[in-house]
1. For the range B:222-259 and the range B:17-80, what is the separation of their C-alpha centers, rounded to whole Å?
2. More than 14 Å apart: what percent of Cα pairs in the range B:32-89 qualify?
3. Let me know the mean shielding of A:180-189 by other chains, meaning the per-residue number of their Cβ atoms within 10 Å of its Cβ.
4. Can you give the calculated 222 nm mean residue ellipticity of chain B, where each DSSP H run of n ≥ 4 adds -39,500 (n - 2.57) and the sum is split over every residue, rounded to the nearest 500 deg cm²/dmol?
5. Using every Cα-Cα pair within chain B, state what percent have a distance larger than 27 Å.
6. Within 10 Å, count the other beta carbons around each residue, average over each peptide in B:221-229, A:39-47, A:243-251, and list them highest first.
7. For chain A, return all DSSP H helices satisfying: extent of Cα atoms along own axis at least 18 Å; mean Kyte-Doolittle hydropathy at least -1.0.
8. Which residue fluctuates most in the GNM of chain B (Cα springs below 10 Å): B:35, B:103, B:65?
Amino acid sequence: MKKSNTSTSISLWRRFTNRLMTILIVLAIILAITPLIFILVEVLIQGGSVISLAFLTHLPEPPNVAGAGIAPALVGSFTMVGLAALFSIPIGVGAGIFFSEWSSSKLASLSGFMNDVLTGFPSMVIGLFVFIIIVLTTKEQSAFAGGVALSFIMIPIIARTTSESLKLVPTTLREASMALGIPRWKTIFRVVIGTGKTGLLTGIVLAVARATGETAPLLLTAATNTHYITSLFAQPTASLTVLIYNYGTSSFASWQAQAWGAALVLIVIMLALNLFVKFIMGRSLTEARME
Amino acid sequence: MSDQDLSSAAKIETKGLKARFGKLEVLKGINLRFPENSVTAIMGPSGCGKTTFIRCLNRIHELTPGAKVEGEVILDGINIYSPNVDPVAIRRRIGMVFQKPNPFPTMSIYDNAVAGLKLNGIRNRKKLEELAERSLRMAFLWDEVKDDLKKPGTALSGGQQQRLCIARALAVEPEVILMDEPCSALDPVATAKVEESIVALKENFTIIIVTHNMQQAARISDFTAFMYLGQLIEFGKTSEVFENPKNELTEKYITGKFG
């Protein structure tokens, strides 16, 4: 006999399966987040004891000397990421505009593909490449070389996020603008980018966060320094990530402790950048909700 | 094939207008003359090419990749497709209102209304405010929004958004206004308001409206063109086309034998 379809209660089997699946999914989430939580907790514990205003403002010292700080590395990281942003924002946004607004051209699809390949490129190879073209030719390691290496990492990310954000802008808005007799370049810059600016900004901030955390591209190009730099082009420059690498792999306990401190600083910066992204996205959603 | 009313001057006309998407020919040679300061409805079943046709009139069709246009579109005696004519300048003389209202989402009602002016370099605050008020009045929207001009353009209802788009098109002071099924996304009340504004506008503008709605064509248009499969089947005074169609296909469409 056929089972009756008029029953309104959910069968036992279905309730059990539902429960099982829910538990498995929650387990998967916990499994995914746990390593992150372990890292955060470990960094907090190990690095927390080293953090102080002195730590953030003093120059580095030899191992076991008191009053050491990571200030040049902090400044160096900001400088090189800043330089990288200066190069990569115009180039990346420009490329993104090209991929989106001229998407039917063969050049756009070819260069778009190459852009995506570059996004996943090994950062050590990028560092080596910049080492060869800039450091070997100028015979100097420099903040400039470090900034260029970081920009090679940032450009593909910004180009892709820009193009995706602009592609989300409905064609009908472009047509509305063109139909008003607004020239194409103004349509792109005022209407299309104006509408997609949240996505653009998000992509840029995410690229900045990524660059801040990179080590390999800076190892050969900017190396390290125990002092603030006076030249962007002729002096090796310290950075948080390379400092963590150098101190962390050294055999001195005091330096290793400082490495943890620098790691904590780095993670706080990353957290701040990601929170900023959420803030930007939240604001745009609020504006959208006003409709 | 076409029955032309030659008693009023043609503001805009097409000669042998052909259009294609890649290899597909969508318009097969249209000859049509639109009298000045009148409303002409373009009707026909889906796929007959009516939207493509009006998009050729303001050179929007060519913006689609792979789209090609042949033939002439003559505005006040000048072929807008001749190589020394700037399409951007043409689009300021021939405005367009789209099927789905598309106000700029990041701009206020006021900024939307004057977008065509502001983005073309007009900065004079007083002039912008005057033109904004004038075009919003002509679109029968002023009274509803005059106290809320700073609100985002998308905060309006569908019908209001469409009237905002009409105001936006009017602010540029075009001579011809193209409308692609402007009421198809609107409820009957909003439709009535938009139709009211269209009838009022024809005193100063030449209006060409694509519509699927035969009753709408009968209500607001002076002339009607019937298209089928990329060709112009019939053109004439609306009353004559509806009551006394000269072509069998026209008659079949009007009586609902196909659509």
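Every number in this text was worked out from the coordinates using simple rules, so none of it is lab data. Model, not experiment: these values are computed from the prediction. Counting neighbours? That spans all protein chains shown, and the Cβs are built from the backbone with ideal geometry, glycine included.
1. The two parts, judged by their Cα centres, are 18 Å apart.
2. Values: 1013 of 1653 pairs.
Cα-Cα pairs in the range B:32-89 separated by more than 14 Å: 61 percent.
3. Counting other chains' Cβ atoms within 10 Å and averaging over A:180-189 gives 6.
4. Working: 11 runs with 90 residues, N = 259.
The helix contribution divided over chain B gives -9500 deg cm²/dmol.
5. Details: 12259 of 33411 pairs.
When every Cα pair of chain B is considered, 37 percent fall beyond 27 Å.
6. On the way: B:221-229: 23.3, A:39-47: 14.6, A:243-251: 17.3.
In decreasing order of mean packing, B:221-229, A:39-47, A:243-251 become B:221-229, A:243-251, A:39-47.
7. Numbers: long enough: A:12-48 (51 Å, 1.64); A:71-101 (44 Å, 1.54); A:106-119 (20 Å, 0.61); A:143-167 (35 Å, 1.06); A:193-212 (28 Å, 1.07); A:253-289 (53 Å, 1.06).
Helix filter hits for chain A: A:12-48, A:71-101, A:106-119, A:143-167, A:193-212, A:253-289.
8. Answer for the Gaussian network model of chain B: B:65.
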